[in-house]
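Undergrad: Next up is a structure, given as structure tokens.
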Amino acid sequence: MSADPRGAFMDEDASSGGSGDDSSKRLQPGGRRKRSRKAAGDAIVDAMLQIASASKMRAAAIMKNNEEDPFSITKCINVLDDEMQDMSEKSKDDFDLELDEMELIAAAAGYYYYNTLTTQPCPSLSPTRGCGFMTEVLNGPEDLCREMFRMDKHVFQNLCNVLRQKSMLRDTAGVMIEEQLGIFLNIIGHNERNRVIQERFQHSGETISRHFNNVLKAVKSLSREVLQPPPVNTPSEIIVNNRFFPYFQDCIGVIDGMHIPANVPAKDQSRFRNRKGFLSQNVLAACTFDLQFIFIYPGWEGSAADARVLRAVLDDPDQNFPQVPQGKYYLVDMGYSNMEGFIAPYEGVRCHLHEFRGANQLPRNAKELFNHRHSCLRNAIHKSFHVLKTRFPILKLAPQYAFHIQRDIVIAACALHNFIRREEQDKDWLFSSVEGIKVDVMPDILDEQAEIQLVSSIQEQVAFSVRDSIAAAMWEDYINNWDEW
């Protein structure tokens with residue numbers, strides 16, 4: 001006995017004549033037409049669907065009354081047999097089907113399998129089986145879920161609920177949304193190959209690939225909701241610290257570039273080779289001081305300067321970069337021009353955190369003091385990058401995907417980063433690990449040489465005036481009122 005792709009069971013000895021064969025139209029002695037294998041298969045599939053629908057209430061009653069063996073095939077057969085008799089009595093003319101004993105058993109077995117699959121938890125706890133692996137992770141210790149799915153259990157369940165409620169993903173007959181998301185997180189959280197995931201979840205390579213792409217599209221769609229413009233009011237991280245307030249009260253976020261290793265064809269490698277010599281995509285990122293991403297623009301060649309990428313984004317309204325409110329600004333490093341809405345540190349003086357250590361730690365003038373505090377605030381985006389890459393190591397290596405998939409993975413990872421931050425705040429183990437510390441990033445001097453930008457004199461005057469006024473105010477307070485800096 002073999003199985004038709006649509007789920008019908010057929011006899012191997014059944015006629016293989018096509019539906020267009022004249023023999024399939026001959027009448028049997030009883031007046032019935034002899035059905036071909038395809039016609040018989042279609043009929044059985046239709047019968048199973050009608051039987052399942054008709055016997056739904058009665059089967060539910062049987063399961064309720066007998067908790068020890070709610071899915072007895074014998075009982076299913078009896079139910080189906082009764083329903084078939086009722087249906088044939090009511091509509092003999094419309095329901096021209098004959099189910100022999102084997103066909104009835106096949107229908108009952110299918111009905112039995114459907115119910116056990118969709119309503120019963122998988123009893124296996126073996127990590128070598130897909131359903132069992134999910135059960136082990138979700139029923140196991142919190143650290144196991146963190147290791148395998150890169151987030152806490154309740155965050156994982158909440159994310160599944162959001163994707164289900166918004167119809168971004170749907171359960172399939174063999175793979176629930178939880179397992180689809182688990183496959184995706186296992187891949188980007190460990191940079192695992194398809195073959196490893198096949199073995200772990202016990203699905204074919206095609207199934208793994210299909211669900212990976214489906215979840216990637218769903219999370220990318222979710223990014224439109226979790227990547228939001230920053231609030232215009234002064235961030236609390238600035239208000240509570242008298243080293244930053246009121247000097248940076250109009251600052252709303254930080255902007256910087258992030259290089260992600262890229263896998264590109266040989267013909268494109270010269271464009272994607274950055275100044276450090278490896279292939280990468282340059283990702284423009286903006287984040288708040290709460291370590292949430294505001295804007296992500298991946299896909300630029302690694303050879304492109306940060307300032308060039310920002311200028312391209314600002315000049316292209318289709319990129320939907322959040323408009324900088326009047327009087328507000330982002331902090332940027334020396335790889336960008338100091339212009340209205342984007343305040344860079346002073347050139348020619350110390351500006352990196354590691355330069356203020358040891359015997360030379362105290363600032364010697366207003367520009368150095370400004371640069372040090374500017375760098376302390378700008379460290380927020382380095383923390384965000386650190387947490388993002390630690391949670392999703394696929395961003396540290398060049399994955400073997402088409403480039404548009406590599407680009408979308410960056411967006412999806414940032415969307416998940418924000419979702420976890422909103423759900424957990426400081427309770428997440430990775431976010432809490434960077435709380436209250438400075439993440440050192442050794443500067444690349446070549447990367448921090450800003451390209452010559454065509455900035456209007458008015459924009460320059462506004463930006464330089466804002467920076468100078470902030471530096472003068474904090475230096476005066478530092479000299480006259482501060483015992484510490």
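Undergrad: Identify all residues within region 393-441 that are surrounded by 16 or more Cβ atoms within 10 Å (Cβ to Cβ) and polar (S, T, N, Q); write none if there are none.
TA: Result: Q406, N418.
Undergrad: Related question: Filter region 148-178 down to the residues that are charged (D, E, K, R), open to solvent by 20 Å² or more (accessible area, probe 1.4 Å) and in contact (Cβ under 8 Å) with a residue 12 or more places away in the chain and list them by number.
TA: Residues satisfying the conditions are R150, K153, R164, K166, E178.
Undergrad: If you go through region 350-389 one residue at a time, how many are in contact (Cβ under 8 Å) with a residue 40 or more places away in the chain, open to solvent by 40 Å² or more (accessible area, probe 1.4 Å) and assigned to a helix (DSSP H, G or I)?
TA: Counting residues in region 350-389 that are in contact (Cβ under 8 Å) with a residue 40 or more places away in the chain, open to solvent by 40 Å² or more (accessible area, probe 1.4 Å) and assigned to a helix (DSSP H, G or I) gives 3.
Undergrad: A further question on this structure: Looking for whichever is surrounded by fewer than 22 Cβ atoms within 10 Å (Cβ to Cβ), part of a loop (DSSP other than H, G, I, E, B) and either without any contact (Cβ under 8 Å) to a residue 12 or more places away in the chain or within 19 Å of the chain's Cα centre (by Cα) (or both) here; the options are N214, N233. Which one fits?
TA: When all the criteria are applied, what remains is N233.
Undergrad: I'd like to know if region 340-349 contains one or more residues that are closer than 16 Å to F248 by Cβ, of a type in the set (G, A, S), assigned to a loop (DSSP other than H, G, I, E, B) and more than 23 Å from the chain's Cα centre (by Cα).
TA: For region 340-349, residues closer than 16 Å to F248 by Cβ, of a type in the set (G, A, S), assigned to a loop (DSSP other than H, G, I, E, B) and more than 23 Å from the chain's Cα centre (by Cα): present.
Undergrad: Mind telling me which of the residues I252, I238, I260 ends up being more than 27 Å from F403 (Cα to Cα), modelled with pLDDT of 95 or more and assigned to a strand (DSSP E or B)?
TA: I252
Undergrad: Can we say D447 is modelled with pLDDT under 90, surrounded by fewer than 14 Cβ atoms within 10 Å (Cβ to Cβ), under 30 Å from the mean Cα position of the chain (by Cα) and not β-branched (V, I, T)?
TA: In short, no.
Condition check ((1) open to solvent by less than 50 Å² (accessible area, probe 1.4 Å); (2) in a loop (DSSP other than H, G, I, E, B)) across all residues:
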position	(1), (2)
I294	yes, no
P298	yes, no
S303	no, yes
A307	yes, no
L310	yes, no
L314	no, no
Q323	no, yes
Q326	no, yes
Y330	yes, no
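Undergrad: Testing T288 on (1) open to solvent by 70 Å² or more (accessible area, probe 1.4 Å); (2) within 25 Å of the chain's Cα centre (by Cα); (3) among the hydroxyl-bearing types (S, T, Y), one condition comes back false. Which one is that?
TA: It is condition (1) that T288 fails.
Undergrad: Now for a separate question. What residue, among those in region 177-210 that are in contact with a Leu (Cβ under 9 Å, 6 or more places away or on another chain) and assigned to a helix (DSSP H, G or I), is nearest to Q400 (Cα to Cα)?
TA: By that ranking, first place goes to I188.
Undergrad: Contact list please: Cβ distance under 9 Å, first residue in region 397-423 and of a type in the set (F, W, Y), second residue surrounded by fewer than 18 Cβ atoms within 10 Å (Cβ to Cβ), pairs at least six apart or on different chains.
TA: Taking only residues 6 or more apart or on different chains, the pairs are Y401/N263; F403/N263; F403/P265; F403/D268; F419/N158; F419/V162.
Undergrad: Tally up the residues in region 240-283 that are charged (D, E, K, R) and out of contact with any strand residue (DSSP E or B) (no Cβ under 7 Å at 6 or more places or on another chain), please.
TA: Count: 5.
The values are calculated or read from the model by the stated rules, or taken from the named source; none is laboratory data. On a predicted model such as this, the values are computed, not experimentally measured, just so you know. Here the Cβ is made from the backbone with ideal geometry for all residues, glycine too, and neighbour counts use every protein chain on show. Note: accessible area is taken over every heavy atom of the protein model, side chains too, but ligands, DNA and RNA are not part of it. Shrake-Rupley method; radii C 1.70, N 1.55, O 1.52, S 1.80 Å.
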